[in-house]
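In what follows, a single structure is set out as structure tokens and then discussed.
No lab work stands behind these numbers, since they all come straight from the coordinates. Every value quoted in this text rests on a predicted model; they were computed, and no experiment measured them. With ideal geometry, Cβ positions are generated from the backbone for all residues, glycine too; neighbour counts draw on all protein chains shown.
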Amino acid sequence: MNWQTVKAALTEFNTRLRADLKFMWENDRIFLVIFGVLVLIAKGSSLMISFLAAKSKAQVAVASKESSILQAQETADNTQADALVKQANDLTSQEKPVDENWDKKK
């Protein structure tokens, strides 16, 4: 098979395709428009679902990152609260005992 044969076959295919498309457009214009709209709706809904899935995946990633940050902050706050509770418990052991005459001047 040489290049001239392939080129001639492609040219003939192109000519037939254009003639068939022209015939279809002239005879079935309404069907082609309706079919095109249906294809656009189907593809558009598929694209919308893909877009929403990607957006939700991104939101889950952001929420997971924020959750880990908040978890670390909670751990630090709990550690600080435990230290303050221990400090408060230690203060009670440093108090002087109250005698029975606590309300009288010395």
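Here are the numbers:
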read-out: Whichever lysines have a C-alpha closer than 21 Å to that of residue 96, once near sequence neighbours (fewer than 8 apart) are set aside; value: 86, 104, 105, 106
read-out: Extension gain from residue 91 to residue 31, taking 0.36 nm per residue of separation minus the Cα-Cα distance; value: 12.8 nm
read-out: Principal-axis tilt of helix 3-27 within the chain, Cα atoms, nearest 10 degrees; value: 80
read-out: Percent of C-alpha pairs per 10 Å bin, the chain, short to long; value: 11, 12, 12, 12, 11, 9, 8, 7, 6, 5, 3, 4, 1
read-out: Average projected area [Cα convex hull, the range 17-65], square nanometres; value: 4.4
read-out: Between 0 and 90°, nearest 10: helix 29-93 axis offset from the chain longest Cα axis; value: 10
read-out: Top positive-direction residue, dipole computed over the chain with Cβ charges, set 64, 38, 10; value: 10
read-out: Partner aspartates and glutamates for residue 22 [C-alpha distance under 16 Å; skip if fewer than 8 residues away on the same chain]; value: 12
read-out: Separation of alpha-carbon centers, the range 44-67 and the range 68-86, rounded to whole Å; value: 32
